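A short write-up of the structure that comes next.
Since every read-out is calculated from the coordinates, none of them should be taken as a lab result. All of these numbers come straight from a predicted model, not from anything done at the bench. Every residue, glycine among them, receives a Cβ derived from its backbone with ideal geometry; neighbour counts consider all protein chains shown.
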Amino acid sequence: MPPNCDLTLGMRCIDKSTPGLSIWEMVAGEEFANPAGILQGGILGAFADSAMGAAAVTFASGRKVFVANAEMKVSFLGAVKIGEVLTCTAQVVSGGSRVAFVESSILTNEDRLVGRTSSTYLYRDRN
């Protein structure tokens, strides 16, 4: 069952079958528009955080873990129009048993790159 934040923002995981990689999709909903009528940047950040967190969890294959985002950088590369379908592809670039460094790209349904993110996730074993 997806967490409430993913359900609220309309995000869904498309694929997480490859360890360290996840692909997510969402529609830029009108309820998340800023005063300029485009997607508010924090929504794009939350979208990337969910995708990168999932990639970090799958990287720990065989272990049951929680991940905590220690830091995150978001580069906004273009405006997202309301109604556009977004895809976020997140991949672990480097990782070990305690930490994973993850990057993602966010594209529109027209293959226009609108965001790049990077983050460090800390692992905690789930009991």
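Within region 1-107, the trypsin sites (Lys or Arg not before Pro) that combine a DSSP coil assignment with at most 15 other C-beta atoms in a 10 angstrom radius are Arg63, Lys64, Arg98. Cα centroid separation, region 65-127 to region 5-20: 11 Å.
Rounded to the nearest 10 degrees, the inclination of helix 41-59 to the longest alpha-carbon principal axis of the chain is 30 degrees.
Across all directions, the average projected area of the convex hull around the alpha carbons of region 1-115 is 7.1 nm². Dipole magnitude for region 1-111: about 540 debye, using +1 per Lys or Arg Cβ and -1 per Asp or Glu Cβ, origin at the Cα centre. Ranking Ser105, Leu122, Ile82 by how far each Cα lies toward the positive end of the dipole of region 4-125 (charges on Cβ) leaves Leu122 at the top.
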